[in-house]
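Written out below as structure tokens is the structure these notes cover.
None of the figures in this text is laboratory data; all of them are computed from the coordinates on show. These numbers come from a predicted model, not from an experiment. Methodologically, a virtual Cβ is constructed for each residue, glycine included, from the backbone with ideal geometry; neighbour enumeration extends over all protein chains shown.
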Amino acid sequence: MAKKILAVVSEPVSADALRNAVGDDAQDAEVMVVAPALNTKRRFFLADPDPAIDRAEAVQEETVERMDEAGVDAAGDTGESDPLLAIQDALQTFPADQIVLFVHPGGERNWLEEGLVEEARERFEPPVSHFVVENE
């Protein structure tokens with residue numbers, strides 16, 4: 001039975017990044033890519049989520065395309081602006097065996113600095129890991 005992996009991304013990632021994060025399980029895995037609609041504080045207060053939603057949609061579509069091209073069975077969705085809510089929502093319809101948070105050094109959103117990895121580990125049952133993506 002294929003492993004189900006929930007990949008949470010803030011920037012597009014490749015199948016190689018997935019393989020580096022989860023090992024040999026990646027090739028036979030069923031992957032759900034979730035890109036939270038991360039918004040700036042200014043846009044949040046202006047109640048303007050559209051740019052964040054558009055960007056999240058583009059990030060998840062590019063990630064799914066990269067994985068599909070490499071032979072990884074992937075689907076995608078745009079999630080809530082709060083990554084924890086995005087994960088929670090995804091788990092309602094996708095019973096993941098593992099959650100991987102992809103981090104890009106120097107990116108706008110560094111989940112390591114925000115304590116998201118630790119909070120996700122406390123809150124969700126599937127094992128949560130993070131993987132730093134270099135120069136994708």
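Label separation (Glu30 vs Asp16): 2.9 nm, computed from points 7 Å beyond Cα along the C-beta direction. Annotation: extensible slack from Glu65 through Met1 equals 20.7 nm (criterion: 0.36 nm per residue apart, minus Cα-Cα distance). With both labels modelled 7 Å from their Cα along Cα-to-Cβ, the Glu134 to Glu118 distance reads 2.6 nm.
Taking 7 Å steps out from each Cα toward its Cβ at Asp82 and Asp54 produces label points 2.7 nm apart. Of the peptides 16-24, 87-95, the order by per-residue mean of other Cβ atoms within 10 Å, starting with the highest, comes out as 16-24, 87-95.
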